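Just below is one structure, and these are the notes that go with it.
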Amino acid sequence: MALRSRVAIVKGGGNPLHLGRALRLSHFWDHLERTRRRARVTRLRCRIVIKPDLALYDQGSPTGTDPALVEALISLLHRRGYPQVAVAASSDESGIWLENRDPAAVAELVGYHFRTREGRPYEVLDLSEDLIPGPFEAGSV
């Protein structure tokens, strides 16, 4: 059975306090639980990857995902028994003309702490590392 997508709009800007309300309105926790059960994995072994927009050039920039929201989500996941949470991104074209643009460096520059306020650690993974060739024919899109 396919899950229906839901969108929740909560006024108040990027305030992490509004995140909990958006998650409830979108039935995020129900979807996560159903998906976890369908995969037959415990909460402790369930690996969750958050893919924020790291197209940022300055701390507090409105062009990407607010690190405070991502870290608040990580904290909420930990509190609900999901300890294996990582943030993931890949290098983009800005690395051609700027230095220190790998995902971990960008994350640090724009305000990620690699630890939530409660001290729960998380990794920043580079999705452009450890690539393996896919079974795609030459010329396929």
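The values are calculated or read from the model by the stated rules, or taken from the named source; none is laboratory data. From a predicted model like this one, the values you see are computed outputs, not experimental measurements. Note: ideal-geometry Cβ built from the backbone for every residue, glycine included; neighbour counts use all protein chains shown. Please note that ligands, DNA and RNA were not included when accessible areas were found on the heavy atoms of the full protein model with its side chains. Shrake-Rupley method; radii C 1.70, N 1.55, O 1.52, S 1.80 Å.
The number of residues in the range 64-97 that are in a helix (DSSP H, G or I), modelled with pLDDT of 85 or more and out of contact with any Lys or Arg (no Cβ under 8 Å at 6 or more places or on another chain) comes to 9. Each residue in the range 40-56 was checked for being open to solvent by less than 70 Å² (accessible area, probe 1.4 Å) and either in contact with an Asp or Glu (Cβ under 6 Å, 6 or more places away or on another chain) or assigned to a strand (DSSP E or B) (or both), and 2 of them qualify. Screening 37, 21 for residues that are modelled with pLDDT of 95 or more and open to solvent by 30 Å² or more (accessible area, probe 1.4 Å) leaves exactly one candidate, 37. Would you confirm whether any residue within the range 98-115 is at pLDDT 90 or above and open to solvent by 90 Å² or more (accessible area, probe 1.4 Å)? Yes, some residue in the range 98-115 is at pLDDT 90 or above and open to solvent by 90 Å² or more (accessible area, probe 1.4 Å). The set of residues in the range 1-50 that are in contact (Cβ under 8 Å) with a residue 40 or more places away in the chain and within 26 Å of residue 110 (Cβ to Cβ) comprises 14, 16, 19, 20, 23, 49.
Considering the range 115-137, the residues that are in contact (Cβ under 8 Å) with a residue 24 or more places away in the chain and under 13 Å from residue 89 (Cα atoms) include one that is farthest from the chain's Cα centre (by Cα), namely 128.
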